[in-house]
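For reference, the structure is listed below as structure tokens.
The values are calculated or read from the model by the stated rules, or taken from the named source; none is laboratory data. As the structure is a computational prediction, the values presented were derived from the model and not from experiment. Here the Cβ positions follow ideal geometry from the backbone for every residue, glycine too, while neighbour counts run over all protein chains shown.
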Amino acid sequence: MTEQDNAFLEEMAGVEPLQVRAKVEIRKGDINLASQAARRKAAVTEVQTRDPNYLHTTDVKRIGPHDVVGFKRPGIQDGVFRKLRLGKYEIEARLDLHRRTVEESRSQVFRFITDCLEHDIRSVLILPGKGDRSEGDPAVIKSYLVHWLEQLDDVQAYHTAQPHHGGAGAFYVLLRKSERKKQEAREMFSKGRL
């Protein structure tokens with residue numbers, strides 16, 4: 001033995017080998033099935049918890065507190081839009097957004113429109129307020145509402161309300177007609193034409 005070997009053995013005196021634990025044999029098929037099931041469960045949970053509200057709260061084009069605005073989708077007749085603009089449709093539901101944050105308004109607008117569609121409500125009034133008393137950043141909710149209404153495919157048209165319904169601080173909104181309402185209209189207008 002060399003001098004190096006002796007020095008090594010002196011240093012290693014009293015050292016005990018590490019304990020080796022018994023290993024469990026894992027079958028790969030079980031791990032793949034378990035991880036696949038976990039991934040599926042996570043994907044289903046994510047879909048269930050995902051917010052269905054797709055309205056954006058990103059920066060939008062601002063409109064003034066007293067601006068009169070209107071919008072109609074292609075296919076909406078001019079007479080229907082004129083009747084909406086003049087406030088001639090019966091207001092079936094109202095949503096007041098005064099003193100709400102942008103996020104609260106976003107949530108309430110989405111839920112309100114969804115509820116109206118479920119109950120075959122077609123003509124509604126939404127009151128964001130003018131926002132002319134907001135210091136520094138006027139008409140925030142009004143600007144966002146205009147943006148959101150155009151994002152919602154079920155909104156066929158909207159227009160600033162007449163003064164007796166809130167004027168520049170309110171909007172008439174015309175929603176998509178349900179299949180049931182379309183059939184009723186067909187039946188009503190087809191009577192006597194046979």
In the range 117-166, which residue that is at positive phi and touching a residue at least 40 places away in the same chain (Cβ under 8 Å) is surrounded by the fewest Cβ atoms within 10 Å (Cβ to Cβ)? ASP120
Residues located in the range 91-109, provided they are surrounded by fewer than 14 Cβ atoms within 10 Å (Cβ to Cβ) and either modelled with pLDDT of 95 or more or closer than 21 Å to ASP153 by Cβ (or both): ARG94
Segments classed as strands (runs of 3 or more DSSP E), wholly inside the range 91-194, with at least 1 members that are over 25 Å from ASP78 (Cα atoms) and among the acidic types (Asp, Glu): 93-96
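Checking the conditions here, which among GLY87, GLY64, GLY70 is surrounded by 12 or more Cβ atoms within 10 Å (Cβ to Cβ), closer than 14 Å to GLN156 by Cβ and either in contact with a Ser or Thr (Cβ under 9 Å, 6 or more places away or on another chain) or touching a residue at least 40 places away in the same chain (Cβ under 8 Å) (or both)?
Every option except GLY70 fails the conditions.
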